[in-house]
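The values are calculated or read from the model by the stated rules, or taken from the named source; none is laboratory data. Model, not experiment: these values are computed from the prediction. Here Cβ is always computed from backbone atoms with ideal geometry, including for glycine, and neighbour counts include all displayed protein chains. Areas reflect the complete protein model, heavy atoms only, side chains present, ligands, DNA and RNA absent. Shrake-Rupley method; radii C 1.70, N 1.55, O 1.52, S 1.80 Å.
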Amino acid sequence: MITSSQNSKLKLVRALLGRAKERREAGMFVVEGVRLIEEAVISNWGVRFALYDESLSERGRLLVESLKSRGVEVEMVSENLMKSLSETETPQGIVAVLELTQLPIPSLLNFILIPDQIRDPGNLGTLLRTAAATGVQAVLLPPETTDAFAPKVVRSGMGAHFRLPIHSTTWDDIREQAKGMQIYLAEMNGKSCWETDLRQPLALIIGSEAEGASEEARKLATKKISIPMSGNVESLNAGIAGSVLMFEVVRQRFSK
């Protein structure tokens, strides 16, 4: 059992939880909780090691045995140390360090999400979770968007990271990937999404709630799209607005 806070694995976990730079340089990120680690295992994601404590549930202990059977190094730590690693109010007693892998982008694209300058981890996680649910083929993160593999984003994504190509990239690359598509920028003064044909190949840009879309995003966009709202509501947050628009794409594409 690990009982020292100076243990090298604990130090690594803390570093990976703290900074995007550490995650990029190490090529690893941290997931916490039974369900997310189960999702990683089901997806055959690379697991470097896992840590757990005595509070782990029966389901969690079955997960530990599953990890061990796959040759993953698993160690027990004291409950106090596990709590010091947890970023949740009710820790589940297990964390895992995973490989920072980017799933490949399909060659034929017809649905891309571009979260532009989204800095709130909860909003980005919501967008990723919805993207996975609506058949988005790739999420392209331009500069100034928060790190998709930050702990809160991973938790909010609820397993989307293991099913969806998520790439931090440049505007030049985004321009290349979206070539030949209609590129819609979500904005209050855009055309109603209910009156817009979203069945053709498209990229959807969601700008930050606070600052809106960047200048690069505005240059790239070919059209503006909006969500009709009643009352005096000024706007929805980025996670909700993006989710509404992604599901409108699905509705149009699957309606007869």
Exercise. Among the numbered conditions (1) in contact (Cβ under 8 Å) with a residue 40 or more places away in the chain; (2) surrounded by fewer than 22 Cβ atoms within 10 Å (Cβ to Cβ), tell me where GLY93 comes up short.
Key: (2)
Quiz item: Do the conditions hold for ARG61, that is, is it open to solvent by 60 Å² or more (accessible area, probe 1.4 Å), farther than 22 Å from ARG129 by Cβ and touching a residue at least 12 places away in the same chain (Cβ under 8 Å)?
Solution: no
Exercise. Residues being hydrophobic (A, V, I, L, M, F, W, C) and open to solvent by 70 Å² or more (accessible area, probe 1.4 Å): count how many of those fall in segment 195-228.
Key: 1
Exercise. Could you tell me which of the residues SER192, SER107 is surrounded by fewer than 16 Cβ atoms within 10 Å (Cβ to Cβ), among the hydroxyl-bearing types (Ser, Thr, Tyr), without any contact (Cβ under 8 Å) to a residue 24 or more places away in the chain and over 30 Å from SER86 (Cα atoms)?
Key: SER107
Quiz item: Which condition number does LEU113 fail, the rest of (1) within 30 Å of LEU220 (Cβ to Cβ); (2) open to solvent by 50 Å² or more (accessible area, probe 1.4 Å); (3) under 17 Å from the mean Cα position of the chain (by Cα) being met?
Solution: (2)
Exercise. Considering only residues that are open to solvent by 30 Å² or more (accessible area, probe 1.4 Å) and within 11 Å of the chain's Cα centre (by Cα), look in segment 142-155 and name the one that is farthest from GLU38 (Cα to Cα).
Key: THR146
Self-check item: Any hit, segment 159-176, residues being open to solvent by less than 20 Å² (accessible area, probe 1.4 Å) and touching a Lys or Arg at 6+ places or on another chain (Cβ under 6 Å)
Solution: yes
Quiz item: With respect to the numbered conditions (1) out of contact with any Pro (no Cβ under 8 Å at 6 or more places or on another chain); (2) within 20 Å of ALA15 (Cα to Cα); (3) buried (at least 20 other Cβ atoms within 10 Å of the Cβ), which one is the sole condition not fulfilled by GLU32?
Solution: (1)
